[in-house]
Every structure is written in structure tokens, then in C-alpha cells.
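The structure appears right after this line, and notes come after that.
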Amino acid sequence: MTGFNELGLSNSIVATLVALGFETPTPIQEQAIPIVLTGRDLIGLAQTGTGKTAAFGLPILELLLKENIRPQARTTRTLILAPTRELVNQIADNLRSYLRKTPLKINQVVGGASINKQQFQLERGTDILVATPGRLLDLIARNALSLKAVTHLVLDEADQMLDLGFIHDLRKIAKMVPAKRQTLLFSATMPKAIADLAASFLTDPARVEVTPPGKAADKIEQYVHFVNGQNHKTELLKQALADNPDSRAIVFLRTKHGAEKLTKHLDLTGHSVAAIHGNKSQGQRERALKGFRDGSIKTLIATDVAARGIDIPAVSHVFNYDLPEVPDAYVHRIGRTARAGRDGIAIAFCGPDEGRLLHDIERLMGIEIAIASGEPHASLERPARPARRGGNNRNHSNGGQPRKDGRPQGGRGPRDEAKGERQGQPGNRKPGGNNRPARSGNRQRQQGGGAARSGR
Ligand code: ADP
Ligand code: MG
């Protein structure tokens with residue numbers, strides 16, 4: 001097996017990695033690191049939780065050390081952009097742990113924190129700056145920073161950074177960064193339209209795809225409950241939390257209002273919960289995440305502000321209380337579990353008006369999600385089919401009722417059953433093969449097998 005030293009990283013970096021418990025590179029690291037070390041532009045696509053941060057962080061670190069130059073005052077040599085404050089902080093923390101024992105200086109700038117302090121930290125020059133675009137532009141407007149010395153530009157969660165919410169800021173930023181630079185784009189999803197747009201930010205990029213973009217992480221068991229309304233969702237959620245007292249769960253909702261309401265309800269009914277969404281102060285957001293990270297809070301109620309990038313290894317369950325409007329968001333939400341080779345469970349609730357959303361999600365991932373309870377709604381626009389009723393159940397016989405923890409009886413999720421790719425986008429499909437999963441006939445049955453893992 002390839003080790004980090006065979007990828008072209010120097011011994012001191014490899015030693016740091018070993019100390020961190022990184023022994024073998026993940027596939028995206030194995031493929032991307034040697035290319036990044038050549039200085040080439042790159043689009044790196046790999047599933048959630050597979051080590052993309054180190055895939056760009058380590059080779060950049062190596063290049064910066066080799067270049068061996070001191071950053072000028074109020075400039076940065078590397079700029080890493082990410083969509084949320086929490087993700088910026090996490091990336092900076094990760095990189096900080098890699099560059100211990102080096103003279104390199106890392107800084108982070110995010111909204112919701114003191115701009116004066118950030119301005120002060122940028123004074124003496126930065127080797128690696130991790131930032132959200134809005135705050136970065138504010139600091140540039142104050143002359144706290146110039147991007148004229150940037151030689152490496154990274155967009156993490158690149159498809160989101162190039163999407164409507166950020167593209168305007170990104171174009172401004174790109175104009176300020178020298179054209180002669182290395183640009184790296186990483187994500188687990190890459191819609192075709194965004195990939196086309198991405199090309200305008202890159203020069204002769206290499207493309208590394210570990211799996212077709214949009215595919216969920218390997219070890220996630222996915223289930224869907226067809227429900228008749230919000231109360232039904234809340235009851236199922238409470239039941240699942242009660243049945244899995246050791247679980248660490250993130251529950252995603254579409255709106256801040258919905259998230260707040262559910263948080264209050266769960267709090268009043270004795271659950272250990274905290275909320276993270278855009279109407280919370282930065283202090284509240286950080287406290288919620290910290291409490292969830294250290295285990296003092298068991299369930300985190302979130303909007304999509306927490307859907308991307310956040311790495312909390314102990315997360316056992318992800319609930320899609322509401323289905324997201326954009327199917328890619330589902331892939332990122334459920335990717336908060338089953339990270340770094342672990343497994344995890346993703347449970348979705350599909351209300352009567354959410355069939356189209358489920359349809360889009362299944363189409364993107366090229367799978368049909370196993371039914372845990374209920375009947376597909378008419379809005380799903382396909383023939384109704386019976387819920388699974390313990391056909392291959394070996395371990396839990398309870399009279400054909402859905403299991404209380406939200407998982408159907410008998411175990412495994414539908415992973416790897418269809419290597420589908422995004423449909424309706426021919427440019428994104430492999431030549432020759434028709435990878436579309438069969439859409440007629442019954443939901444693909446999972447092979448039974450394996451004791452259902454309970455109690456998480
Ligand atoms: P991604 O960005 O692909 O979603 P992350 O970069 O957040 O994934 O990494 C996910 C987790 O895997 C992190 O906790 C990270 O420390 C860990 N990790 C990354 N690379 C390795 C490796 N080579 N060996 C062991 N753990 C790793
Ligand atoms: Mg990431």
C-alpha cells in the first residue's frame with residue numbers, strides 16, 4: 001500500500017501525519033497529492049468524509065515550505081475559501097495540526113467575529129489564509145489585506161462556492177488574485193452547470209474523481225419514512241432518539257424557523273439539543289457545535305449551514321426531517337456521518353408534498369432509498385409499492401411493524417447497488433455504459449445479511 005512518503009511529501013510532514021494517526025493516504029489523497037505537488041490546477045471530487053482537506057492541505061504545505069519565502073506584510077501566499085464560518089475554523093484547525101513544527105503562519109477570517117482582531121493578525125503577513133468570502137472582502141476594503149501575492153487558491157465545497165450565493169463575491173476575489181497561480185477545487189458534488197463555470201477559474205486542470213460526483217459515502221445506510229405531516233415526523237424522530245440512547249444525531253430542517261421550533265419542542269420534552277442556523281449569533285453557533293462535538297449535547301438541530309464539511313467523527317445518525325430543495329444538499333447532509341471509514345445511518349422523512357424532492361435525490365445518487373415505513377406518496381410520481389415488511393429480517397421479528405429506530409428490519413442500506421450518475425446531463429456520463437438504475441419494478445431490495453447494528 002502506498003504511504004504518504006511515496007506521494008512526494010517530505011519526512012517531517014510524514015512524521016507529523018503518523019503522530020496524528022494518519023498512516024495510509026485515502027484514495028483522493030493518493031491521487032491528488034502528487035498532482036498538486038507538480039503545481040498543476042486540479043478538480044478533486046470524492047465522497048464526504050474521505051480526507052479532502054488533507055488532499056489539498058498537505059501538498060500546499062509542502063510547496064510553501066519548498067518555496068521558502070516570507071510573506072510580505074498584509075499579504076497571503078495561499079487563500080482557501082469555504083462557505084461557512086464553522087468550516088473555515090475547522091479547516092484552519094486541521095491545517096494547524098499539519099504545520100506544527102514548521103515556521104508557516106496560518107490565519108482565518110470569518111464574519112461574526114471581531115474584524116479589528118483579524119486585521120491585526122493579517123498585519124505581519126500570512127502563509128495560509130482560510131476565509132469566508134464576505135469577511136475577506138471586508139478586510140480587503142479596509143486595506144487590511146492584498147491578494148497580489150497569492151500563488152495557491154483553493155475552493156473547498158467548490159460547487160457551492162461557485163453557486164448563486166457566492167459567485168458574485170468569488171468573481172471579485174478572482175480578479176484580485178494573480179492569474180498566474182495554482183487553483184484547486186474540491187467537493188463531493190459537482191453539478192454539470194457548475195463544472196462548466198469552474199473551468200473559467202482554472203488553467204488546464206487535472207480532474208481526479210474517486211467516485212462519480214453526487215454519490216453518498218460508502219458506509220451510510222439510508223432509509224426513508226413516508227409520513228403524513230410534521231407531527232408524524234416529530235413523533236418518529238423522538239421515537240428513534242429514545243430507541244437509540246447512545247446516538248449522536250444531526251437533524252436537518254429546511255428553515256431556521258422550523259429548526260428553532262423543533263429545538264424548543266425537543267428541549268421542553270427533555271432532550272439534550274442545541275440549534276445551529278443563520279438566526280443564531282456566532283457565539284451561539286459555536287457553543288452548539290462545541291457542545292455537540294464534545295458530547296455534552298446529543299442532538300444538533302440544523303439548517304444547511306451545517307450541511308457541508310463539518311467533521312464530527314462520532315455522528316451516528318443524520319435525520320432529514322425535511323428534505324432539501326437541492327438534491328446535492330442531501331448528499332452533504334448525510335455525509336456528516338460515516339466519516340473516515342466509519343459507518344452511519346441516514347433517515348429521511350418524506351411528507352406528502354416532498355415526493356418530488358425525494359425523486360430528485362434518488363435520481364442524483366442513482367439509488368432508491370429503502371422504505372422504513374409508510375407508502376410512497378402520489379407526489380413521488382411513480383407506482384406505489386409496498387413498504388418493506390421484514391422480508392429478509394433475521395434478527396428482529398416484531399410482527400412486520402417498522403422498527404422503532406427508524407430502520408427497516410433486516411439491516412443493510414442500498415449502498416453500492418447501482419452506480420448511477422446524474423441523469424439528464426449527458427456530458428457527465430461515462431461513454432458507453434448506461435448506468436441508470438432501473439426505475440421500474442420494485443425498489444431494489446437489499447441483500448439481508450449482517451446483524452442490524454442497534455443501539456447507536
Ligand atoms: P472530506 O473533506 O472529504 O469530507 P475531511 O478532510 O473532513 O473529509 O476528513 C474526514 C476525517 O478523516 C477527518 O477527521 C480527518 O482527520 C480524517 N482523515 C483524513 N485523512 C486521513 C487518513 N489518511 N488517515 C486517517 N484519517 C484521515
Ligand atoms: Mg471537506
**Item:** Heavy-atom accessible area per residue - the range 69-115, 1.4 Å, Å²
**Value:** 41
**Complete:** Bridge orientation stat for the range 230-359 from DSSP, antiparallel percent rounded to 5, came to 0
**Prompt:** When the accessible area of the range 186-338 is split by element with a 1.4 Å probe, what percent falls to carbon and sulfur?
**Reply:** 52
**Asked** Which ³J(HN,Hα) values in Hz, rounded to whole numbers, follow from the phi angles of the range 115-124 under the Karplus curve 6.51 cos²θ - 1.76 cosθ + 1.60, where θ = phi - 60° and Gly and Pro get x?
**Response** 6, 5, 5, 5, 4, 4, 5, 7, 3, 8
**Prompt:** On full extension of the chain, what length is gained from GLU235 through ALA193, given 0.36 nm per residue of separation minus the C-alpha to C-alpha distance?
**Reply:** 11.2 nm
**Complete:** Given backbone amide H placed at 1.01 Å from N, residues whose amide H is under 5 Å from that of THR211, ignoring those fewer than 5 places away on the same chain, are GLN47
**Prompt:** For LEU137, what charge total do you get from the other residues with a beta carbon under 9 Å from its beta carbon, if Lys and Arg give +1 and Asp and Glu give -1?
**Reply:** 0
**Message:** Can you give me the long-range amide H partners of ALA206? Hydrogens built in the peptide plane at 1.01 Å from N, cutoff under 5 Å, separation of 5 or more residues or another chain.
**Reply:** ASP41, LEU42, ILE43
**Complete:** Long-range amide H partners of ALA275, meaning residues 5 or more apart or on another chain whose placed amide H is closer than 5 Å, are ILE301
**Message:** Per residue, how large is the accessible surface of the range 144-198? Use a 1.4 angstrom probe and give square angstrom.
**Reply:** 39
**³J(HN,Hα), Karplus 6.51/-1.76/1.60, whole Hz, each residue of the range 183-192, x for Gly, Pro** = 10, 10, 10, 10, 5, 9, 9, 7, x, 4
**Request:** Using θ = phi - 60° and the Karplus relation 6.51 cos²θ - 1.76 cosθ + 1.60, list the HN-Hα couplings for the range 127-139 in order, rounded to whole Hz, with x at every Gly or Pro.
**Result:** 8, 10, 10, 10, 8, 8, x, x, 5, 4, 5, 4, 5
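Counting only protein heavy atoms and using a 1.4 Å probe, what share of the accessible area of the range 81-121 belongs to carbon plus sulfur, as a whole percent?
About 53 percent, which is the carbon plus sulfur part of the accessible surface.
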**Message:** Show me the ranking of peptides 258-265, 45-52 by mean Cβ neighbours inside 10 Å, starting with the highest.
**Reply:** 45-52, 258-265
**Fill in**
One checks the Cα atoms of the range 23-125 and finds Rg and Dmax, in Å, of 14.5, 41
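The values are calculated or read from the model by the stated rules, or taken from the named source; none is laboratory data. Note that the structure is a prediction, hence the values are computed from the model and not measured. Glycine gets a Cβ as well: all are built from the backbone with ideal geometry, and neighbour counts include every protein chain shown. Just the protein is used for accessible areas: all its heavy atoms, side chains included, with ligands, DNA and RNA removed. Shrake-Rupley method; radii C 1.70, N 1.55, O 1.52, S 1.80 Å.
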